[in-house]
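First up is the structure itself, then whatever we jot down about it.
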């Protein structure tokens with residue numbers, strides 16, 4: 001089973017509208033972290049937002065928020081007031097567990113969602 | 001201060017040749033990682049390292065070799081390149097329990113012909 005599932009290969013959103021990118025995850029760990037990254041056409045990976053499994057409130061960073069539903073194992077990214085510069089690939093990722101060793105710090109990525117913002 | 005640098009940015013090589021992708025970080029992060037990115041697969045972990053001289057396999061290690069004699073360097077070698085290794089390769093580093101996940105390099109686009 002995939003650990004991170006992004007079911008939307010591509011999405012379109014009108015400029016200035018909000019958009020939700022879906023992410024579900026699968027883990028048996030109690031402690032884990034969820035991340036979203038943006039990859040514009042230039043190729044670099046840009047960190048957007050982080051949610052820890054014990055965080056009681058949804059994470060927010062500017063126009064980005066993470067809709068964390070622990071029981072449903074979902075961590076959807078919400079982008080408010082979309083801008084043309086938001087057009088990019090978006091990756092959801094998970095880091096499982098704690099402890100020593102690099103294995104504890106692996107990120108497992110979903111396959112990504114390509115977001116296109118329409119003027 | 002480039003942070004984490006990958007070289008080369010672009011590489012074309014022939015099937016069967018050995019090629020090494022370089023990764024250098026200036027933060028003294030303990031953990032370093034190599035991923036490959038392919039359309040439809042997202043990013044998949046090739047190898048990772050917890051410290052100098054400590055490396056381990058990830059999800060797709062076959063055909064690759066890594067070494068880490070110094071904390072700041074983590075080269076990835078394709079011993080005998082195949083066309084299926086045509087991909088974009090990302091190096092990343094992380095300190096313990098960072099809430100920012102990784103810091104990524106700019107990537108190396110490798111084409112095997």
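No value in this document is a laboratory result; all are computed from the given coordinates. Computed from a prediction, not measured in an experiment: that's the story for all the values here. Cβ: placed from backbone, ideal geometry, glycine included. Neighbour counts: every protein chain shown.
Between the alpha-carbon centers of the range A:27-93 and the range B:60-91, tell me the distance in whole angstrom.
Cα centroid to Cα centroid, the span is 28 Å.
Averaged over A:69-79, how many beta carbons belonging to a partner chain fall within 10 Å of each residue's beta carbon?
Averaged over the peptide's residues, the number is 0.
Sort the range A:31-119 into rounded, prolate or oblate with this rule: let a ≥ b ≥ c be the square roots of the eigenvalues of the Cα gyration tensor; rounded if a/c is under 1.5, and if a/c is not under 1.5, prolate when a/b is larger than b/c, oblate otherwise.
It comes out oblate by the Cα gyration axes.
From other protein chains only, count the Cβ atoms within 10 Å of every residue's Cβ in B:52-59, then give the mean.
2
Return the ratio Rg/(2.2 N^0.38 Å) for the protein assembly as shown, where Rg is computed over Cα atoms only.
Here the answer is 1.01, to two decimals.
Can you tell me which of A:83-91, A:33-41 comes out highest on packing, and rank the rest after it, using the mean Cβ neighbours within 10 Å? Can you show the working numbers first?
Values: A:83-91: 17.2, A:33-41: 20.7.
Highest-to-lowest ranking by the protection proxy: A:33-41, A:83-91.
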